[in-house]
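Here is the structure we will look at.
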């Protein structure tokens, strides 16, 4: 995207904002307020007041007060209801510039209540039933437990999050066979690039989130991302009233985690403010089995050692304030985010050589953001505008003159030139600048058709230096970290959502447009010299998506979806990393043809629910990083992948105190049409480092009046199983010959096998009294102390114990 396109995008956003202001000013809002009383004069808390023409509703506060913001010079019909009282209706006229007071006095009802049945779907359940398939990870239900986000997500069908170590380690997310950068991470619908590593799957506490939406294949129009095979949307915790939530967890390996969520908003006022913050610390000094060389005997043996340089420390905070229910804005919210991350690097990409001094940091002192929401034209048209600008500073330090062994002993080097535990010394400093704008528009054409437009613009740049880093060849070498690097992209999605046959048939059709512009300087692979001219590249692609859902009944439905998906190369794949990954301005976007079909059914009382899903993918121009010589590597398009997968997910509640759940996933993704004759023997090989069969089993029991009167006690058990898979590609004829490759012996060397593993977790959650706002959780993870191998066979922690206190108080 050139500067002209960039300017046009900014002008488009400003035009949309101006249109909103113009229409809003032409339809000014007035206020209807009042108090709901009983006949004895006492105010009624929690009475429901509905404006019938617009279906807008509010709930009275503890003093019985309510307030509406509605367009002026119109008549309205207000209906007030409260359990045990007669419903009352009143017609009012809201004049220009008026604050209208309409009080109600409700009479007690003479009817006796025998049984009341309430059938209300919460936000999570509604999200699960949307036309676009979403796996909802209910983090709100787990906020009182010492459960990580990775553990919660790994209990979902078709989803695996793999960590390269303990708390704070890098993660690789796999959704229906796609993984790595093919799966986009978002926070409240916005790509998380602007937050760096601060708000990620590995370290973000579940207390920060309302839920996690996992999209497999087609994305909703309002989720604007160039995802190839799905996306993870972390939805921030939402509190509609004044509240305070605190949590503190202590666990094995010197783990400490704390969080705070504070929101202050009074019903009669438009102003609100809040704080969301968390702190993570872990020494991560768990035991692993390492390959220990014996130089005297020239042998290598596997021995248990304790990690000694694996500390992770993070602090994250967001302060926000805003206004609601104004004539020109339904909500406007200003936020300031800051974070600081410090990480010890115990080893590199593979767990082969220990480090004892290598460290990395990342921090951002101020990240300002603004979000604006407005509905107008009688709620038929709405806008959701988000803008953020971040400057993130990062460092990578590895200048040690010597080396550590696995026991933590330091062995100095007498050669001054021998620096860096990774054999490539670095003292790099980076500055990443990121501007992101997301514009969401929705227009209701009718009760059956809704049109949505979503625009996401991202402008990224990188600068830095490294006195020990890689330089160009020649008499005047140039530090590669100092080379300019700029990347801009725009993703546009236009979607039409329709309902037919009295909403039994739902349809979503989307057209997407992707464009990116990159500018930087390249180093010649052949000579090592810096090219004299600045390189640039322009990429544009279109995409299509179609999703259908047919409701046989309220609890039984069928989903079918297809998509021509595109993922634009990211900044590192195009620009390199300023060190040993070179730029490649000729790289092409990844493309994939995806198909999904799913069936869900449940019994009338929801005691038993079953969901079956299948998915098919054909992906071309997959991007991998390949070596180009002894020094450099480069991202290139080489591989194509196709495959099919199946999921089954079940939930059963045989009694009110017992809930059981189970799921299994099998996926068969393989290389095909390999273009490199040197690796054609891998035609049909499974994707490397990719689990192809995994299952989960869980049980939850809960009782009341166990230890004390009105207390609540909940016990839970989780089993997570991953079948063995392979670290590197293996020929298809070396796989086990049994059914689906799940039985039989593999003809592969043991070091290339990531073994099968089963992890058991148990826990108890206790709330002393219903009226008390705090809970206590005690949990044991990996109960049998099994060896757990994860991404690229890096070993994770064994048995660990955790205690968590949670305090939640509305005030």
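Report the paramagnetic label zone for residue 739: residues of the range 584-627 whose backbone N is under 11 Å from a point 7 Å from Cα along the Cα-to-Cβ axis.
none
Spin-label point model (7 Å from Cα, Cβ direction): what's the residue 321 to residue 721 distance in nm?
5.6 nm
For the chain, what is the per residue volume of the convex hull drawn over the alpha-carbon atoms, in cubic angstrom?
Given the Cα convex hull of the chain, per-residue volume reads 180 Å³.
Run lengths n ≥ 4 of DSSP H only: what is the helix-derived mean residue ellipticity at 222 nm for the chain, with -39500 (n - 2.57) per run over all residues, to the nearest 500?
On the way: 4 runs with 41 residues, N = 811.
After summing the helix terms and dividing by residue count, I get -1500 deg cm²/dmol.
From a point 7 Å beyond the Cα of residue 378 in the direction of its Cβ, which residues of the range 59-95 have a backbone N at a distance under 15 Å?
Within reach of a label on residue 378, which here means backbone N under 15 Å from a point 7 Å along Cα→Cβ, the range 59-95 contributes 71-77.
How many nm is it between the label spots at residue 803 and residue 542, if each spot is 7 Å from the Cα in line with the beta carbon?
It is 6.3 nm.
P(r) of the range 124-236 in 10 Å steps, Cα pairs, percent per bin?
Pairs per bin, as whole percents: 15, 52, 31, 2.
May I ask you to derive the FRET efficiency for residue 482 and residue 605 from their Cβ-Cβ distance with R0 = 60 Å, giving the value to the nearest 0.05? Can you show the working numbers first?
Working: r = 66 Å, r/R0 = 1.10.
FRET efficiency, residue 482 to residue 605: 0.35.
Diagonalise the Cα gyration tensor of the range 300-446 and give the resulting equivalent ellipsoid semi-axes, square root of 5 times each eigenvalue, largest first, whole Å. Could the numbers behind the result be given before it?
Details: eigenvalues 508, 50, 35 Å².
Gyration-tensor ellipsoid for the range 300-446: 50, 16, 13 Å.
At a Förster distance of 51 Å, what's the computed FRET efficiency of residue 415 paired with residue 680, Cβ-Cβ distance as r, to 0.05?
That gives a FRET efficiency of 0.70.
Can you pull the three principal axis extents for the Cα set of the range 626-732, in Å, largest first?
72, 31, 20
Please figure out what share of the DSSP beta bridges in the chain is antiparallel and state it in percent, rounded to the nearest 5.
If we restrict to bridges inside the chain, about 95 percent are antiparallel.
Based on C-alpha coordinates, I'd like the Rg and Dmax of the range 327-397, in Å.
Rg and Dmax of the range 327-397, Cα atoms, are 20.9, 64 Å.
Just the projected area, averaged over all directions, of the convex hull on the alpha carbon atoms of the range 265-306: how many nm²?
The Cα convex hull of the range 265-306, projected and averaged over all directions, gives 5.5 nm².
Taking only Cα atoms, what is the 0 to 90° angle, nearest 10, from helix 3-26's long axis to the longest principal axis of the chain?
That helix lies at roughly 10 degrees to the long axis.
How far, in nm, would the chain grow between residue 423 and residue 749 when pulled straight, counting 0.36 nm per residue and subtracting the alpha carbon separation?
Between residue 423 and residue 749, full extension yields 114.5 nm more.
Within the range 63-107, list the residues whose amide N lies under 16 Å from a label point set 7 Å along Cα→Cβ of residue 554.
none
Give me the distance between the Cα centres of the range 295-317 and the range 677-738, rounded to whole Å.
Here the two parts' Cα centres lie 25 Å apart.
Work out how much length residue 359 to residue 465 would gain on full extension: take 0.36 nm times their residue separation and subtract the Cα-Cα distance, in nm to one decimal.
Details: separation 106, 0.36 × 106 = 38.16 nm, distance 1.67 nm.
Result: 36.5 nm gained on full extension.
Evaluate E = 1/(1 + (r/R0)^6) for residue 614 and residue 256, where r is the Cβ-Cβ distance and R0 equals 51 Å; express this FRET efficiency to the nearest 0.05. Working shown, then result.
Details: r = 43 Å, r/R0 = 0.85.
After rounding, the FRET efficiency stands at 0.75.
Read the figures in this text as sums done on the coordinates, not as results from a lab. All of these numbers come straight from a predicted model, not from anything done at the bench. With ideal geometry, Cβ positions are generated from the backbone for all residues, glycine too; neighbour counts draw on all protein chains shown.
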